[in-house]
Amino acid sequence: MQSTSQTAVRAPGDAAPNAVDVASAAAGLDQIDRRILAYLQMHGRASNLELAEAVHLSAAQCNRRHRRLEERGLIRRYEARLDSARVGLGVLAFVHVTMERGHMRDILKFRGLVGDLTQVQECYAVTGDFDYVLKVVARDLKALSDFLLGTLMQLPGVNGVRSSVCLDEIKATSALPLEH
C-alpha cells in the first residue's frame with residue numbers, strides 16, 4: 001500500500017481489489033463520502049474547490065476525505081472517456097470465448113495475453129455456455145474479423161469464439177449506483 005502522502009490510484013492493468021476488500025471498504029462510507037464519489041463519477045476533472053462546493057464541505061475537509069478515498073482504493077483511477085467512432089474505432093463487439101477443457105496452463109496464459117490486447121476493452125470470466133466475455137473495439141468489420149481469426153483464435157487454449165456486433169449504443173456508463 002502506498003504511503004498517505006501519495007494517492008493510491010490504480011493504473012490500467014493493476015489488479016482489482018477482491019470482494020473482501022471491497023466489502024470492508026464500502027462498510028465505512030458515510031453520506032458525505034458517497035456524495036464525493038457520486039460527484040467524481042460524473043465530474044472526474046473537478047477541482048477540489050468545485051468538489052467541496054458540490055458536497056457542502058470546506059476545501060480542506062473535502063481534500064482530506066478525497067485523499068482518504070483514494071488511499072483506501074475506492075477510486076481506482078481517473079480517465080477520459082473517448083468517443084470510439086471519432087477516433088476511428090467504429091465497431092464494438094461482445095465476444096464470447098470458449099476454452100478447451102482441462103488445460104489450466106492455457107487458461108492462465110490466455111488471461112495474461114488477453115490483458116495485453118489493446119482491442120479488448122474489458123474481459124470477464126463468466127458462468128454459462130462460455131468461459132469469457134470480451135468487449136472488443138475495431139476500426140471496421142474486416143479489422144474485427146482479422147482480430148478474431150488472426151489473434152484471438154490463436155491464443156493458447158481458445159476452443160471457439162462467438163461475436164455479437166453492437167448495432168446501437170443505448171447506455172454506456174462506468175458510474176456505480178452508490179445509494180445501496
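The values are calculated or read from the model by the stated rules, or taken from the named source; none is laboratory data. From a predicted model like this one, the values you see are computed outputs, not experimental measurements. Positions of Cβ are generated from backbone atoms using ideal geometry, with glycine treated the same way; all protein chains shown enter the neighbour counts.
Can you tell me which of 127, 118 is of a type in the set (Ser, Thr, Tyr), in a loop (DSSP other than H, G, I, E, B), within 18 Å of the chain's Cα centre (by Cα) and over 15 Å from residue 153 (Cα atoms)?
None of the other options fit; the residue is 118.
Looking at 161, 120, 133 in this structure, which one is within 20 Å of residue 77 (Cβ to Cβ), modelled with pLDDT of 95 or more and in the same structural domain as residue 91 (by TED's automatic domain parsing)?
Of 161, 120, 133, the one residue that is within 20 Å of residue 77 (Cβ to Cβ), modelled with pLDDT of 95 or more and in the same structural domain as residue 91 (by TED's automatic domain parsing) is 120.
With respect to residue 26, determine if the residue is surrounded by 12 or more Cβ atoms within 10 Å (Cβ to Cβ) and either at pLDDT 95 or above or not in a helix (DSSP H, G or I) (or both).
In short, no.
Report yes if some residue within the stretch 61-79 is within 20 Å of residue 166 (Cβ to Cβ) and either of a type in the set (A, V, I, L, M, F, W, C) or in the same structural domain as residue 46 (by TED's automatic domain parsing) (or both); otherwise report no.
No - not one qualifying residue is present in the stretch 61-79.
Only one residue in 87, 95, 55, 91 is touching a Cys at 6+ places or on another chain (Cβ under 7 Å) and either of a type in the set (Val, Ile, Thr) or not assigned by TED's automatic domain parsing to the domain that holds residue 147 (or both). Which one?
55
In the stretch 146-161, which residues are surrounded by 13 or more Cβ atoms within 10 Å (Cβ to Cβ) and out of contact with any Asp or Glu (no Cβ under 7 Å at 6 or more places or on another chain)?
If the condition is that a residue be surrounded by 13 or more Cβ atoms within 10 Å (Cβ to Cβ) and out of contact with any Asp or Glu (no Cβ under 7 Å at 6 or more places or on another chain), then 146, 147, 148, 151, 152, 153, 155, 158, 161 are the ones that fit.
Take the stretch 56-81 and flag every residue that is surrounded by 18 or more Cβ atoms within 10 Å (Cβ to Cβ) and either within 30 Å of residue 143 (Cβ to Cβ) or among the aliphatic types (A, V, I, L, M) (or both).
57, 69, 74, 75
Pick from 84, 164: which is of a type outside the set (A, V, I, L, M), farther than 30 Å from residue 29 by Cα, touching a strand residue (DSSP E or B) at 6+ places or on another chain (Cβ under 8 Å) and loosely packed, with under 15 Cβ neighbours inside 10 Å?
Criteria check complete, one pass: 164.
What are the pairs with Cβ atoms under 8 angstrom where one residue, in the stretch 130-142, is closer than 15 Å to residue 117 by Cα and the other, located anywhere, is of a type in the set (D, E, K, R) and surrounded by fewer than 21 Cβ atoms within 10 Å (Cβ to Cβ)? Sequence gap at least six, or different chains.
134/122; 135/122
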